[in-house]
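Asks: One structure coming up, written as structure tokens, with questions to follow.
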Amino acid sequence: MSADSNIREGVLLGLGNPLLDITIETDEAFLEKYDLEKDNAIPAKEKHKEMFDEIMHRKYHPQYLPGGATQNTIRVAQWLLKQPKATTFFGCVGEDKYAEILRKTAEEVGVNVHYQVNSDMPTGVCGAVITGGDNRSLVSALGAARFFTHKFLQDTENWKLVETADYYYIGGYVFPVSQESIKMIAEHACENNKTLIMNLSATFLCRYFSKSEINILEYIDVLVGNESEAEMLASQLDFATSDVTEIAFQLMNLPKKNTKRDRMVIITHDHKPLTVARNGEIEKYEIEKVPLGEIKDGNGCGDAFMGGFLAQLVQGAEVIECIRCGNYAASEVLQHWGCTFPEKPDFE
């Protein structure tokens, strides 16, 4: 699809934790050594300091790649939209070479990068441990990313970028960093009838979505998560079911502050069809499968799917087209290391 001249600069804004991914391939013994689980994401603990030292050893042939779930998604969306600076990204980095790598890779594809810089902390890193071809375990040491503040949004230049956007994508990883920032953007989106998309991101973050003092679910127009995350959120909301289809239906029908927009809920099931709840109904959509022999790295696949989905959503496409583009983006990233992709997309 060629660049659409009708795509406005700054139409999509992402807020997340920019991290440098350090990716290795290893075996299940490594997972056991550091108490890691397949296809899971956790914050780094004291015991993982040794793990980061180990994965940087040359015997693992570590790959250093741009990362951070939301930044990945925004980079993929920008790659597909093609229009320079159609997307904006906010996050906090250190004043070091890793920050420059992140900035360079995002700007090369056209993202309008606005980092808050904390010179006292290193740029965050994420250990991406790949086993069995497409199983990944993520361990994040947020570093400077933990110090993003809502005061950055209050800067006149930065808030103007918030006002320019019509779509906002925020991962659950931002909750432990700056709830105030999430709420500021959520309230702006609600008051101006714009679209807030949020990703549950990990099971340990679901508690933030269920907290009554935050009430973030009332602001969310599109809620995304995998099966485990949906089940965790349902448990914390005291839903009397563990059936994912029913969970999606109930989440869709929770109260919303902006009643002009119905809520859409998207639940992924690994290689199985997506569950989508919208307009009072449940729909299932197939996932495009990549032959196992062509898969290089499963890390970033979900982020890429969301990038493809959002690239079409901001253009007003139907859900089936958003998912088709998400499938395309995910399949491309699966065939590359980390969340990387060919120079130009050939999605049509």
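Asks: From (1) outside any strand (DSSP E or B); (2) among the aliphatic types (A, V, I, L, M); (3) at pLDDT 90 or above, pick out the condition that doesn't hold for Ile101.
Replies: It fails just one condition, (3).
Asks: I would also like to ask the following. Starting from region 66-77, keep only residues that are closer than 18 Å to Glu100 by Cβ, then list their pairs with residues that are hydroxyl-bearing (Ser, Thr, Tyr) and in a helix (DSSP H, G or I) whose Cβ atoms are within a distance under 6 Å, requiring at least 6 positions of separation or different chains.
Replies: Listed pairs, sorted by first residue: Pro66/Thr105.
Asks: If you don't mind, there's one more thing I want to ask. Just the residues that are modelled with pLDDT under 90 and either among the basic types (Lys, Arg) or more than 15 Å from Gly300 (Cα to Cα) (or both), please, taken from region 62-88.
Replies: Pro62
Asks: Could you please find all residues in region 332-348 being in a helix (DSSP H, G or I) and either at pLDDT 85 or above or over 19 Å from the mean Cα position of the chain (by Cα) (or both)? Give the derivation first.
Replies: Filtering region 332-348 for residues in a helix (DSSP H, G or I) gives 332-334.
Glu332 - this is the single residue of region 332-348 that is in a helix (DSSP H, G or I) and either at pLDDT 85 or above or over 19 Å from the mean Cα position of the chain (by Cα) (or both).
Asks: Another one. Which is farther than 30 Å from Ile24 by Cα, in contact (Cβ under 8 Å) with a residue 40 or more places away in the chain and charged (D, E, K, R), of Asp155, Asp166?
Replies: Details: Asp155 fails: in contact (Cβ under 8 Å) with a residue 40 or more places away in the chain.
When all the criteria are applied, what remains is Asp166.
Asks: Need at least 1 residues that are open to solvent by less than 10 Å² (accessible area, probe 1.4 Å) and under 23 Å from Gln179 (Cα atoms) per element, so show me which helices (runs of 4 or more DSSP H) inside region 6-97 make the cut, counting only ones lying wholly within it.
Replies: Numbers: elements: 28-33, 48-55, 69-81.
Result: 69-81.
Asks: Just need a number here: residues in region 98-126 that are open to solvent by 40 Å² or more (accessible area, probe 1.4 Å) and not polar (S, T, N, Q). Even if it seems obvious, please write down each step before you answer.
Replies: Let us first name the residues in region 98-126 that are open to solvent by 40 Å² or more (accessible area, probe 1.4 Å), namely 98, 100-101, 103-104, 107-108, 117, 119-122.
The next check asks that each one be not polar (S, T, N, Q); those that pass are 98, 100-101, 103-104, 107-108, 117, 120-122.
Number satisfying all stated conditions: 11.
Asks: Additional query: State whether one or more residues within region 117-135 are within 23 Å of Lys85 (Cα to Cα) and under 16 Å from the mean Cα position of the chain (by Cα). Don't jump to the end; show me each part of the working.
Replies: Going residue by residue through region 117-135, those that are within 23 Å of Lys85 (Cα to Cα) are 117.
Next, from what is left, pick out any that are under 16 Å from the mean Cα position of the chain (by Cα): none.
No: zero hits.
Asks: Within region 297-345, how many residues are among the charged types (D, E, K, R) and either under 13 Å from Val76 (Cα atoms) or surrounded by 22 or more Cβ atoms within 10 Å (Cβ to Cβ) (or both)?
Replies: Initially, region 297-345 is screened for residues among the charged types (D, E, K, R), giving 297, 303, 318, 321, 324, 332, 343-344.
Still in the list and also either under 13 Å from Val76 (Cα atoms) or surrounded by 22 or more Cβ atoms within 10 Å (Cβ to Cβ) (or both): 297, 303, 332, 343-344.
So the count comes out to 5.
Asks: Would you please list the contacts, defined by Cβ atoms under 6 Å and residues six or more apart or on different chains, that run from a residue in region 277-305 that is modelled with pLDDT under 90 to a residue that is of a type in the set (D, E, K, R) and not in a strand (DSSP E or B)?
Replies: Within 6 Å, the pairs are Ile295/Asp134; Gly298/Asp134.
Asks: Then there's this: Residue check, Thr149 against (1) touching a Lys or Arg at 6+ places or on another chain (Cβ under 9 Å); (2) under 30 Å from Asp53 (Cα atoms), all met but one. Which one?
Replies: (1)
Asks: Here's another thing I want to ask about it. If you check Gly110 against the conditions, is it of a type in the set (Gly, Ala, Ser), touching a residue at least 12 places away in the same chain (Cβ under 8 Å) and under 19 Å from Asp21 (Cα atoms)? Talk me through it step by step, then tell me what you get.
Replies: On the way: of a type in the set (Gly, Ala, Ser): yes; touching a residue at least 12 places away in the same chain (Cβ under 8 Å): yes; under 19 Å from Asp21 (Cα atoms): no.
No; evaluated as a whole, the condition is false for this residue.
Asks: Moving on. What's the number of the only condition in (1) touching a residue at least 40 places away in the same chain (Cβ under 8 Å); (2) touching a Lys or Arg at 6+ places or on another chain (Cβ under 9 Å); (3) closer than 25 Å to Ile42 by Cα that Leu142 fails to meet?
Replies: (2)
Asks: Restricting attention to region 254-270, and to residues there that are in contact with a helix residue (DSSP H, G or I) (Cβ under 7 Å, 6 or more places away or on another chain) and in contact (Cβ under 8 Å) with a residue 60 or more places away in the chain, which single residue is surrounded by the most Cβ atoms within 10 Å (Cβ to Cβ)?
Replies: Looking at the filtered set, the residue picked out is Asn258.
Asks: Scan region 249-270 for residues that are farther than 17 Å from Met306 by Cβ and in a loop (DSSP other than H, G, I, E, B) and report the count.
Replies: Total meeting the criteria: 10.
The values are calculated or read from the model by the stated rules, or taken from the named source; none is laboratory data. Since the structure is predicted, the reported quantities are computational estimates derived from the model, not experimental observations. Note: ideal-geometry Cβ built from the backbone for every residue, glycine included; neighbour counts use all protein chains shown. Ligands, DNA and RNA are stripped out before the accessible areas are found, and what is left, the full protein with its side chains, is counted by its heavy atoms. Shrake-Rupley method; radii C 1.70, N 1.55, O 1.52, S 1.80 Å.
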